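Here the structure comes first, spelled out in C-alpha cells, and everything after it is commentary.
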C-alpha cells in the first residue's frame, strides 16, 4: 500500500470534520471509503468530489446577436450610451454617447476584419480617423466563476486624418493592449417585465482609463450594464 494511502486513511479517520456516525474503512480492493463512497481509490488518487466546476463561455456572452443596445445613466438620466452591432457577426459598428438626445462623442468602425480595422472618432467638433493592423488579437477564454480572464491586442496604429491636429496625420504607434475581467457571478438581469438569463456580473479593467468598472453581460445583447449606465432598450 502506498504511504500516501496510509497517511490519507489516518487523516480521514482522525478528522474532526466528519460526524460520529460517518465511517471510514479500507476495503479489500485497497480503496478508502466513507459511508460506502470511495474517497481514495486503490491507486492512491482522490476520488471524492470530482464534480467539475462549470466554466463560463465568455466569447458567447460578449458577442451580441442583436442590432442595438441602449444604456441610460441611472443618476444623470439625460446621458445615454448606445452600441450598434452587426447582428450576424457580432462585431461592433458604432458606439456613441448622447446628452439630451445629442451625440457628443462617437466611434465608428468604417472597416473591420479579423486582422485590421479603421475607426472614426468624433469628439465635439474634432474628427479623427485611425487604421489599426493587428499582429495578434485574442478573445477572452472560457473560465469558471471567480476567475480572472484576459485578452490582448498587439497592433500598429496609423493616424489617417485629424481635423483638430493635422500634424498628427501619418504617425504610426505600436500598441500592446491588455484587457482583463474578474467573472464574479452568474446572474439573471431585469429587463422590463422579464429577466435576461445566462448573464455574468464582472469587474472589468479598462486599459484606456486605468480603472476597474462593474459590468454585466448577457447572452444575446452582450453588454447591458457598465458602471451607472443600465439597460434601457434592446433593438433586435
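Please treat every number below as a calculation from the coordinates, not as lab data. Predicted, not measured: the structure shown is a model, and the values here were computed from it. When we count neighbours, we look across all protein chains shown, and the Cβ atoms used for this are built from the backbone with ideal geometry, even at glycine.
Structure notes:
- With both labels modelled 7 Å from their Cα along Cα-to-Cβ, the residue 116 to residue 228 distance reads 4.1 nm.
- Protection proxy ranking, peptides 91-98, 109-116, average beta carbon neighbours within 10 Å, highest first: 91-98, 109-116
- Sequence ranges 60-69, 120-129, ranked by mean other-Cβ count within 10 angstrom, highest first: 60-69, 120-129
- Inter-site label distance for residue 99 and residue 60 at 7 Å from Cα along Cβ, in nm: 4.1
- Sequence ranges 214-226, 185-197, ranked by mean other-Cβ count within 10 angstrom, highest first: 214-226, 185-197
- Gyration tensor (alpha-carbon) shape descriptor, region 56-235, a/c threshold 1.5: oblate
- Convex hull of region 64-139 built on C-alpha atoms - directionally averaged projected area, nm²: 6.0
- Relative contact order (percent, whole number), region 56-235, Cα cutoff 8 Å, 6+ residue spacing: 22
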